[in-house]
Amino acid sequence: MRQGYAGLNEKHSRGGEPILSPDPTPFERLGGEPAIEALVERFYAEMDARPEARGIRAMHGGGLEPIKFVLKRYLGEWLGGPPLYSPHRGPPRLRMRHLRFPIGEAERDAWLACMSAALAATVADAELRGWVYRAMASLADHMRNQAADSG
Ligand code: HEM
């Protein structure tokens with residue numbers, strides 16, 4: 001059991017801190033590092049391919065390799081795997097890190113469409129997939145920094 005993990009609840013998971021590490025952790029249930037690799041690779045492939053994701057894809061600039069590397073480490077840690085993000089990047093404070101990008105409902109939904117497709121392609125266990133998706137949807141909604149109608 002990791003120290004300082006406050007349990008899976010909306011307040012904590014929405015802040016972007018790692019969620020509870022029950023035994024086995026969501027990281028382990030998903031299949032560990034290879035599963036996170038596959039999920040993140042597919043997520044950015046979806047972002048590259050989907051018309052509705054063109055806007056959020058453009059926010060990321062040219063090459064996706066650096067952000068793939070960071071998101072793999074972040075998600076691994078967030079899902080109860082090895083803490084490979086915080087020692088390098090500091091506390092997640094994800095909302096603050098996203099403030100320089102205008103994120104409204106459309107951007108949130110485009111992000112989640114990519115993640116939903118990536119989860120469907122890489123996670124066979126429907127219950128686990130739904131659980132991870134819901135936790136991510138809550139976090140993605142928390143990332144909004146534009147009024148709902150600013151579209
Ligand atoms: C809601 C819509 C979202 C948009 C439009 C968005 C967009 C972005 C962009 C443009 C970056 C910077 C990439 C770069 O530096 O090249 C970024 C960084 C990042 N995003 Fe998101 N993001 C969203 C939601 C999320 C969610 C829900 C998560 C977590 C589950 C997440 C995790 C991250 C992480 C870990 C980073 C790197 C932070 C760091 O610099 O350490 N993002 N995001």
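Nothing in this text is a laboratory measurement; each read-out follows from the coordinates by a stated rule. Being a predicted model, the structure only gives us computed values, none of them experimental. All Cβ positions, even for glycine, are placed from backbone atoms using ideal geometry, and neighbour counts span all protein chains on display.
Taking 0.36 nm per residue of sequence separation and removing the Cα-Cα distance, the residue 84/residue 106 pair yields an extension gain of 4.9 nm.
With charges only on Cβ, +1 for K and R and -1 for D and E, what is the dipole size of the stretch 36-151 about its Cα centre, in debye, rounded to 20?
Details: 16 positive and 14 negative charges, 89 e Å.
Approximately 420 debye in magnitude.
With Cα atoms as the point set, the radius of gyration and Dmax of the stretch 34-142 evaluate to 13.3, 35 Å.
For a Förster distance of 22 Å, can you work out the FRET efficiency between the beta-carbons of residue 127 and residue 41, rounded to the nearest 0.05? Walk me through the numbers before you get to the answer.
On the way: r = 23 Å, r/R0 = 1.06.
About 0.40, to the nearest 0.05.
Given R₀ = 41 Å, what would the calculated FRET efficiency be for residue 23 paired with residue 48, taking r from the Cβ atoms and rounding to 0.05?
Values: r = 36 Å, r/R0 = 0.89.
Once the sixth-power term is evaluated, E becomes 0.65.
Remark: the residue 59-residue 146 segment gains 29.8 nm on full extension, using 0.36 nm per residue and subtracting the alpha carbon distance. The label-point distance for residue 137 and residue 33, in a model that sets each label 7 Å from Cα toward Cβ, rounds to 3.2 nm.
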